[in-house]
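These notes are about the structure you will find just below.
The values are calculated or read from the model by the stated rules, or taken from the named source; none is laboratory data. On a predicted model such as this, the values are computed, not experimentally measured, just so you know. As a convention, Cβ positions derive from the backbone with ideal geometry for all residues, glycine included, and neighbour counts pool all protein chains shown. Just so you know, the surface numbers come from the protein's heavy atoms only, side chains and all, with ligands and any DNA or RNA stripped out. Shrake-Rupley method; radii C 1.70, N 1.55, O 1.52, S 1.80 Å.
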Amino acid sequence: MIAQKVLEQAASRIGYYAPDDPLRGSEAGRYMANRLNQPWLAGPSTSVWWCMCFVSMCFELAGEIDAIGGLSYNTDLTLARCSDRLVKPVSAQPGDVVIFNWNGGSTDHVGIVEKNLGNGILQTIEGNTSSGALGSQQAGNGVWRRQRSSAIAAIIRPDWQHKDKAEAVNNIAVDGIPGPKTYSRFQEVMGTPVDGQKSRPSLMIKAFQAFLSNAVPVSVINDFTGSPVLEIDGYDGPKTWRIFQYWVWHARPDIVKNYYNGEFWGWCDGIPGKVTWRVLQHVLNESKTGSGKLL
C-alpha cells in the first residue's frame, strides 16, 4: 500500500519533542527551511507552526509529495491545491490528510490519518501537537498519535496515482523552450482551442491573465503594473509575466527553489526567459486540462 510508506515516516517520529532537540527549532521546520530556502521555518519551534511542515516532510521522504500538491508549510495552501480531492470523515482512509480548524477563519492544524476507528473518530499522527487533551493542540511541539472527532475542517485524499497520470498525459519537457508542445499544453490547461501556436493577441493569454487577476491580490497587481487591474488583452507583455512570477513564487516556492537553486530574490522582472518557462512548464504538467487555472 503506497500510503504505508508515508505512515511509516510519520510513525517513526512519534514521541519526538522539539524542545529536547539539540538543534534549533524542529526537525520538520529545519527540513522545510532547507527545501524551500525559508530560514525562518528553522525556528525557534515555539514561533513556527510546523504541523504542515511535518506532513510535507513525511510525504516527500516517502516519495509522494506530489500526491498532496507539493511542499507546503501552510494548511490553507495545501487545502486550496487539493480542493477537488476532499472526502467525508466517514470515508477517511489511512494516509489521508486531515485538516483541523478550532478557531474559525483560516485552518490551523493538520495530521495524517492512521486509522478510521468509526463513529466519526480518526486515529492520526500529527506534528506540533500535545500528547493529550492538555496543552496546545496546534502548537504542542511534539509528534504524537491522537484520536480526533471534532474540528475536522477537511480530509484530503492524496492523489496516489499521480505518477501513472503524469505518464499517461505525456508531460511536456521541462526545458525552458516554449515550442508547439508547450503552447498546446498551455492551451489545454487554459481551456482554449489547441493549435500549438503562439498568436498575438491570444485566447490562451487572455485566460492566463484572467487566472492571474483572480489569483493575485489587487494591491500586488497595482504595485507591479501601476493599475489595480491586469488588462486582459491577450498580449503577454512584462506586466503579465511579472504577475505570473510573483504568483508562482508565493504559490509554488518548491518549484521555484528546484529551478532557481534558491536564488530568486528580485526575480520578478517581467522577462519570460528560459528559467521562467521551465517553471511554467513544470506547473503546466501538474495542472488540470481545461481548468483555466494553474495548480
When the residues of segment 241-272 are narrowed to those that are open to solvent by 30 Å² or more (accessible area, probe 1.4 Å), of a type outside the set (A, V, I, L, M) and assigned to a loop (DSSP other than H, G, I, E, B), which ends up modelled with the highest pLDDT? Pro272
Quick check on segment 188-198: of everything there that is under 20 Å from Arg278 (Cα atoms) and more than 23 Å from the chain's Cα centre (by Cα), which residue is modelled with the highest pLDDT? Gly196
Filter segment 5-31 down to residues that are among the small types (Gly, Ala, Ser) and closer than 22 Å to Gly135 by Cβ and give me whichever is surrounded by the most Cβ atoms within 10 Å (Cβ to Cβ). Ser26
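In segment 192-207, is there at least one residue being hydroxyl-bearing (Ser, Thr, Tyr) and crowded, with 19+ Cβ neighbours inside 10 Å?
Taking every residue of segment 192-207 in turn, at least one turns out to be hydroxyl-bearing (Ser, Thr, Tyr) and crowded, with 19+ Cβ neighbours inside 10 Å.
For residues in segment 92-127 being of a type in the set (Gly, Ala, Ser) and in a strand (DSSP E or B), which is farthest from the chain's Cα centre (by Cα)?
My answer is Gly118.
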Collect the residues in segment 148-184 that are under 22 Å from Val97 (Cα atoms), within 21 Å of the chain's Cα centre (by Cα) and modelled with pLDDT under 95, keeping them in residue-number order. Asp159, Trp160, Gln161, His162, Lys163, Asp164, Lys165, Ala166
If you go through segment 32-79 one residue at a time, how many are open to solvent by less than 20 Å² (accessible area, probe 1.4 Å), in a loop (DSSP other than H, G, I, E, B) and within 22 Å of Trp160 (Cβ to Cβ)? 6
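Assess whether Val189 counts as being in contact with a Pro (Cβ under 9 Å, 6 or more places away or on another chain) and closer than 21 Å to Trp249 by Cα.
no
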